[in-house]
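Mind having a look at this structure? Questions to follow.
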Amino acid sequence: LTVDASSSSGSPIPDTFFGIFFDEINHAGAGELWAELVSNRGFEAGGPNMPSYIDPWEIIGNASYINVETDRTSLFDRNKIALRLEVLCNTSGVNICPTGGVGVYNPDQMVWEAWLQLKYRSASEVSNWTKVETILEAKATDHNARLQLTTTTKGVIWLDQVSAMPQDTYKGHGFRTDLYGMLANIQPRFIRFPGGCFVEGVWLRNAFRWNESVGPWEERPGHFGDVWMYWTDDGLGYFEFLQLAEDLGALPIWVFNNGISHREQVDTTAVLPFVQEALDRIEFARGDATLKWGSLRAAMGHPEPFDLKYVAVGNEDCGKKNYRGNYLKFFSAIRSAYPDIQIISNCDASSKPLDHLADLYDHHVYTNASNMFVGATVFDRASRSGPKAFVSEYAVIGSDAGTGSLRAALAEAGFLIGLERNSDVVHMVSYAPLFVNTNDRRWNPDAIVFNSYQLYGTPSYWVQLFFLESNGNNYIRIKVVNFDANTVNLHISFDGLDPNKVHLSGSTKTLLTSSSLTDENSFSQPKKVVPIQSLLQSVGREVNVVVPPYSFTSFDFLKNHLLSVN
Ligand code: AHR
């Protein structure tokens with residue numbers, strides 16, 4: 001293998017190349033990355049009408065002690081349901097309450113933290129709502145802990161908007177620190193959010209709508225995600241995603257609904273309210289505090305604008321009848337109001353040109369390991385003019401991948417090497433999905449696996465770390481995937497380097513491998529398949545390296561060092 005190491009070789013890799021795609025799937029955000037411990041905190045998940053179910057809340061005490069029902073007496077206009085508890089027992093008399101009292105509990109299997117702050121609203125009369133806050137200090141660790149609200153006093157209590165937030169979220173911004181740390185490790189240059197199908201919905205009424213996800217948390221109605229079939233209180237709303245991007249030092253890429261869900265399409269002639277919503281949302285992120293939406297952002301604690309430069313019009317909607325027409329309405333409105341914003345089309349132009357204007361086009365690939373490996377050449381043939389590619393979702397799936405195998409990770413590594421080689425046309429790349437909560441596995445595999453108190457990265461997660469410094473210029477990095485059962489002895493020689501400056505001491509090798517292609521990480525063996533770094537011995541202008549079977553290796557030759565050594 002001869003490496004042309006001259007400065008004129010290859011294409012520079014864009015600063016924005018590697019990022020992450022946060023998708024609200026697998027309970028990734030609701031009750032997890034978003035550290036809220038209570039689910040269905042406003043009792044709205046059963047819908048606005050009565051009687052309504054209160055799942056996952058459960059009642060403590062039988063009908064002779066307590067009567068629990070929803071009613072529409074909340075003081076919040078956008079979420080009218082409150083919970084009425086009629087306590088029939090007492091501390092004395094004929095009907096004595098059971099030990100521990102009666103009430104309700106939120107069976108949050110995701111509890112992970114010992115310090116809690118509890119906020120709830122209660123009242124003995126509907127007209128007299130009171131906000132009550134307290135700090136709960138746990139005396140011990142119990143991974144099956146649950147929040148209980150109980151009493152032994154006869155009477156009627158109404159509850160609404162019950163929240164339990166851990167005190168030590170990242171910067172107090174609400175993100176679970178260990179999961180946030182896994183994201184920060186990847187050093188993502190962008191974060192695409194809040195999801196793919198989650199944005200679309202099966203029905204439009206269940207699509208993610210930003211204007212109901214901003215402002216005080218008590219006033220957010222929440223919504224049912226009908227693709228992945230769970231309720232979100234939308235505490236992790238538009239503002240919080242922008243905050244997450246800022247905390248990570250990543251550019252936010254907002255995916256919004258373009259009037260199309262899995263089963264419904266708004267006609268292009270009627271899509272203007274959606275377009276206005278997109279414009280309002282951009283003003284919320286970027287507008288100054290004198291503007292209507294900018295002032296709401298400022299009131300939420302962020303007077304400075306967020307750095308929103310990318311928006312994606314819909315998700316996987318290109319083939320649908322109204323997409324092109326709707327897209328063009330969004331494109332012209334956003335381009336004219338915010339000419340610097342990069343607009344991403346759902347239509348994949350990797351094999352044929354787009355018939356509409358765009359700055360980037362989306363490319364999604366979910367396939368088996370061999371197709372993914374071969375996919376390394378897909379962009380060799382892509383047009384070099386026109387919009388750039390955003391590979392916003394890629395993953396090996398199916399039996400090759402299991403719940404996150406070495407085989408899948410190696411094939412993805414091969415694919416990513418091909419994308420880097422084509423970085424003149426591929427501008428952004430992110431794996432999908434990012435997270436899975438093992439209490440609600442909807443999709444396999446995923447990059448980061450967690451429950452209420454444990455987590456690990458799949459081999460696909462670790463592959464992403466090999467690429468995080470791809471836009472650095474201070475070293476020569478040679479990445480090799482060996483997808484075969486045989487060891488490969490590789491002779492590397494460098495061309496284009498000053499022959500007097502070829503001593504490469506301090507260079508390293510990072511290796512990802514395992515004894516079997518089906519090997520996976522797990523809670524009990526979180527580091528079975530992880531990268532191992534070692535020093536490269538005796539490196540010069542010519543170097544011999546050994547590439548083990550079923551492996552991904554990165555050889556990092558320190559160019560800075562190399563240039564400074566005589
Ligand atoms: O990554 C899982 C889903 O796959 C995404 O939500 C969607 O965009 C794609 O179909």
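The values are calculated or read from the model by the stated rules, or taken from the named source; none is laboratory data. Just so it is clear, the structure is predicted and the values come from calculations on it, not from any experiment. Note that we place each Cβ from the backbone using ideal geometry, even for glycine, and neighbour counts take in every protein chain shown.
Does region 223-234 include one or more residues that are of a type in the set (Val, Ile, Thr), under 28 Å from Ser74 (Cα atoms) and either crowded, with 21+ Cβ neighbours inside 10 Å or within 16 Å of the ligand (Cβ to nearest atom) (or both)? Reasoning before the result, please.
Here is the first cut: in region 223-234, the residues of a type in the set (Val, Ile, Thr) are 227, 232.
When the remaining residues are screened for being under 28 Å from Ser74 (Cα atoms), the result is 232.
Okay, now just the ones that are also either crowded, with 21+ Cβ neighbours inside 10 Å or within 16 Å of the ligand (Cβ to nearest atom) (or both), so 232.
Checked region 223-234: at least one residue is of a type in the set (Val, Ile, Thr), under 28 Å from Ser74 (Cα atoms) and either crowded, with 21+ Cβ neighbours inside 10 Å or within 16 Å of the ligand (Cβ to nearest atom) (or both).
Follow-up. Quick test of your reading of the structure: Glu264 fulfils all but one of (1) within 22 Å of the chain's Cα centre (by Cα); (2) at pLDDT 95 or above; (3) away from the ligand (no atom under 16 Å from the Cβ). Name the failing condition by number.
(1)
Take the residues of region 407-453 that are assigned by TED's automatic domain parsing to the domain that holds Leu251 and away from the ligand (no atom under 16 Å from the Cβ): which is surrounded by the most Cβ atoms within 10 Å (Cβ to Cβ)?
Phe450
Which condition breaks for Ala299 when tested against (1) aliphatic (A, V, I, L, M); (2) over 23 Å from Ala349 (Cβ atoms); (3) crowded, with 18+ Cβ neighbours inside 10 Å?
Looking at each condition in turn, Ala299 falls short on (3).
Looking at region 351-378, which of its residues are part of a loop (DSSP other than H, G, I, E, B) and more than 24 Å from Ser460 (Cα to Cα)? Please lay out each step first, then the result.
Let us first name the residues in region 351-378 that are part of a loop (DSSP other than H, G, I, E, B), namely 351-359, 368.
Once the filter is applied, which keeps residues that are part of a loop (DSSP other than H, G, I, E, B) and more than 24 Å from Ser460 (Cα to Cα), region 351-378 yields Ser351, Lys352, Pro353, Leu354, Asp355, His356, Leu357, Ala358, Asp359.
I need the full set of residues from region 384-399 which are surrounded by 14 or more Cβ atoms within 10 Å (Cβ to Cβ), of a type in the set (D, E, K, R) and away from the ligand (no atom under 13 Å from the Cβ), in order please.
Selection gives Lys388 alone.
Looking for something touching a Lys or Arg at 6+ places or on another chain (Cβ under 8 Å) and assigned to a helix (DSSP H, G or I) - is there at least one such residue anywhere in region 41-48?
no
Among the residues in region 68-91, are any modelled with pLDDT under 90 and assigned to a strand (DSSP E or B)?
Among the residues of region 68-91, not one is modelled with pLDDT under 90 and assigned to a strand (DSSP E or B), which makes the answer no.
Also, quick follow-up: Would you call Gly237 touching a Leu at 6+ places or on another chain (Cβ under 8 Å) and either of a type in the set (Gly, Ala, Ser) or without any contact (Cβ under 8 Å) to a residue 24 or more places away in the chain (or both)?
Considered against the rule, which asks whether it is touching a Leu at 6+ places or on another chain (Cβ under 8 Å) and either of a type in the set (Gly, Ala, Ser) or without any contact (Cβ under 8 Å) to a residue 24 or more places away in the chain (or both), Gly237 comes out as no.
I've got another one for you. Could you run through region 519-561 and say how many residues are in contact with a Lys or Arg (Cβ under 6 Å, 6 or more places away or on another chain) and either of a type in the set (A, V, I, L, M, F, W, C) or at pLDDT below 95 (or both)?
Result for region 519-561: 5.
Just to be sure before I move on: is Val68 surrounded by 20 or more Cβ atoms within 10 Å (Cβ to Cβ), touching a helix residue (DSSP H, G or I) at 6+ places or on another chain (Cβ under 9 Å) and in contact (Cβ under 8 Å) with a residue 12 or more places away in the chain in the structure I sent? Spell out the reasoning first.
Values: surrounded by 20 or more Cβ atoms within 10 Å (Cβ to Cβ): yes; touching a helix residue (DSSP H, G or I) at 6+ places or on another chain (Cβ under 9 Å): no; in contact (Cβ under 8 Å) with a residue 12 or more places away in the chain: yes.
So Val68 fails the test.
Which residues, taken from region 300-334, are within 16 Å of the ligand (Cβ to nearest atom) and in a helix (DSSP H, G or I)?
Tyr323
Among the listed residues Ala285, Ala289, identify the single one that is surrounded by 18 or more Cβ atoms within 10 Å (Cβ to Cβ), small (Gly, Ala, Ser) and assigned by TED's automatic domain parsing to the domain that holds Phe175. Can you show your working first?
Working: Ala289 fails: surrounded by 18 or more Cβ atoms within 10 Å (Cβ to Cβ).
The conditions single out Ala285.
Still on this structure, I have one more. Restricting attention to region 182-205, and to residues there that are within 10 Å of the chain's Cα centre (by Cα) and within 15 Å of the ligand (Cβ to nearest atom), which single residue is farthest from Ala245 (Cα to Cα)?
Gly195
I'm checking my understanding of the structure. Among residues of region 206-222 that are more than 16 Å from the chain's Cα centre (by Cα) and within 16 Å of the ligand (Cβ to nearest atom), which one is surrounded by the fewest Cβ atoms within 10 Å (Cβ to Cβ)?
Filtering region 206-222 for residues more than 16 Å from the chain's Cα centre (by Cα) gives 206-207, 209-222.
Still in the list and also within 16 Å of the ligand (Cβ to nearest atom): 206-207.
Numbers: Asn206: 17, Ala207: 25.
Ranking the qualifying residues of region 206-222, first place goes to Asn206.
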